[in-house]
Amino acid sequence: MGFYYIFIISEFQIFFKLWYIKRMEYIFLIIVLILSIIIHEVAHGSVAYYLGDPTAKYAGRLTLNPLKHLDPIGSVLVPLFLIIMSRITGGGIIFGWAKPVPINPGNFRDQKYGSMKVALAGPASNLTIALFFGLILRFFPGLYAVPGLIVMFSYVVYINILLAIFNLLPVPPLDGSHILFALLPPSARNVKIFLSQFGLFILLFIIFFAFSYVINIINFIFSLITGFPLF
């Protein structure tokens, strides 16, 4: 009877520990996602300011203070809900958003490519973060003595690659659409009109029916940077 009691206590302790780890994992994922989105938005505003547009600066958005950027739904509730659902269902798409940084393209010194440069800044900031932590994983094997740290860095790399690649899709309202529109010749005006009108529907189709292809690209880039697959 005593051994059975000890077994029950031990099982409870293991269950509690696993529950605590998973709970902390959710919190860490949300924090990484929020900070990565904030850096993404600050990068947009900073490049816009460099190009002559002070709109984001005057709005107080050139700061890493989360309170200036957080959208209660897009930065907290949606990511939390999707993370929980992904754990329940065994997989899924996790995304979020912050309040867009206000920008006035009319102030840009570079009127031709200014919007493209600002659009590129966000994904570039995420790829920079992914490269920083990914190369640490690749070239500092001593970190493997701390498995928890490897997992944390891997999440940082993966989430930032995901944000970069997803935002580079050439579909409004994503950054990739501004890059595409800046490169399209005047004769392709109808393409811009079509994407502007139906971009949201195209984006939803990609998310629900073709996102596996995006994931494959993300997984490939993750392996390319870190030297090992995440999954």
Counted residues, segment 165-212 - those being under 19 Å from Gly114 (Cα atoms), of a type in the set (A, V, I, L, M) and in contact with a Pro (Cβ under 9 Å, 6 or more places away or on another chain): 3
Residue check for Ser187: part of a helix (DSSP H, G or I) and within 20 Å of the chain's Cα centre (by Cα): no
Checking Ser212 against (1) modelled with pLDDT under 90; (2) not in a helix (DSSP H, G or I), the condition it does not meet: (2)
Hey, Gly45 of a type in the set (Gly, Ala, Ser), within 23 Å of the chain's Cα centre (by Cα) and not in a helix (DSSP H, G or I) or not: no
Condition check for Ile83: surrounded by fewer than 14 Cβ atoms within 10 Å (Cβ to Cβ) and not in a loop (DSSP other than H, G, I, E, B): no
Candidate set: segment 29-42, residues that are over 9 Å from the mean Cα position of the chain (by Cα) and in contact (Cβ under 8 Å) with a residue 40 or more places away in the chain; chosen: the one nearest to Pro173 (Cα to Cα): Glu41
Condition met for Ser36 (modelled with pLDDT of 90 or more, among the hydroxyl-bearing types (Ser, Thr, Tyr) and part of a helix (DSSP H, G or I)): yes
Residue in segment 220-228 that is outside any helix (DSSP H, G or I) and surrounded by 11 or more Cβ atoms within 10 Å (Cβ to Cβ) present: yes
Hey, Met152 within 30 Å of Tyr26 (Cβ to Cβ) and within 24 Å of the chain's Cα centre (by Cα) or not: yes
Sole residue being assigned to a loop (DSSP other than H, G, I, E, B), within 19 Å of Phe166 (Cα to Cα) and out of contact with any strand residue (DSSP E or B) (no Cβ under 7 Å at 6 or more places or on another chain), chosen from Lys99, Lys117, Lys112: Lys99
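The values are calculated or read from the model by the stated rules, or taken from the named source; none is laboratory data. Fair warning: this is a prediction, and the values are worked out from it, not measured in the lab. A quick note on method: Cβ atoms are made from the backbone with ideal geometry, for glycine too, and the neighbour counts reach across all protein chains shown.
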